[in-house]
Amino acid sequence: MVNIHILQVDRNRANIAELEDGIAAGRTVDDWQMPKAAQPGDLVIWYAAGKQKYIALGWVDTLPTEVREGPGPYRGQVAGMEWIEPWVDRKKVITDCGIDGGVESYQTVEEQSAAGFLKSLNLPHLIPRLRLAQPCPTCHQVMPLTGICDNCG
Ligand SMILES: [Zn+2]
């Protein structure tokens with residue numbers, strides 16, 4: 001099953017600069033704090049705390065690893081990062097589907113709320129993509145949406 005994780009940015013300027021760098025590069029410059037249970041192929045939505053808006057998305061690319069320094073306790077890589085255009089207001093999303101991205105440092109969207117959350121973010125085209133994520137037939141790791149397995153090429 002593909003999960004959606006809401007990660008927060010924009011508590012300070014370095015934080016959002018890191019997100020901008022990642023979008024320019026198409027992947028994270030540094031690891032991102034995320035739930036321990038995040039799996040490759042999961043969708044990440046970034047919520048900008050200072051702006052109170054959802055601003056970007058990406059796809060979990062590696063299993064999170066435990067860290068001893070900096071934001072944690074788990075961080076992982078995100079690929080395919082792009083802006084959400086236009087940015088979507090926190091209060092609109094609460095009204096649409098009840099999800100509040102501003103309450104925790106990160107959270108995983110409940111499965112039954114996932115489709116409503118994506119519709120509220122004007123991302124309904126991702127709903128079938130989430131269902132299409134497939135494990136590699138050779139090594140059974142979830143493949144990136146390119147369909148090319150990181151392990152098996
Ligand atoms: Zn594979």
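The values are calculated or read from the model by the stated rules, or taken from the named source; none is laboratory data. Not measured: the values here are computed from a predicted model. Cβ: placed from backbone, ideal geometry, glycine included. Neighbour counts: every protein chain shown.
Points worth noting:
- From the list Thr138, Thr146, the one residue that fits, being within 16 Å of the ligand (Cβ to nearest atom) and either at pLDDT 85 or above or basic (Lys, Arg) (or both), is Thr138.
- Contact map, the stretch 27-50: first residue under 18 Å from Asn3 (Cβ atoms), second residue in a loop (DSSP other than H, G, I, E, B) and hydroxyl-bearing (Ser, Thr, Tyr), Cβ cut-off under 7 Å, separation 6 or more or different chains; pairs are Gln33/Ser105; Pro40/Thr62.
- Counting only helices (runs of 4 or more DSSP H) that fall entirely inside the stretch 56-153 and contain at least 3 residues that are aliphatic (A, V, I, L, M), the qualifying elements are 114-120, 126-132.
- Tabulated pairs, the stretch 64-75, first within 13 Å of Ala38 (Cα to Cα), second of a type in the set (Ser, Thr, Tyr) and surrounded by fewer than 17 Cβ atoms within 10 Å (Cβ to Cβ), C-beta under 9 angstrom, 6+ apart or interchain: Tyr74/Thr65; Arg75/Thr65
- Taken together, the criteria exclude Trp46 from residues that are surrounded by fewer than 19 Cβ atoms within 10 Å (Cβ to Cβ), part of a strand (DSSP E or B) and aromatic (Phe, Trp, Tyr).
- Boolean, Pro86 is exposed (fewer than 15 other Cβ atoms within 10 Å of the Cβ) and free of Cβ contacts under 8 Å to residues at least 12 places away in the same chain: no
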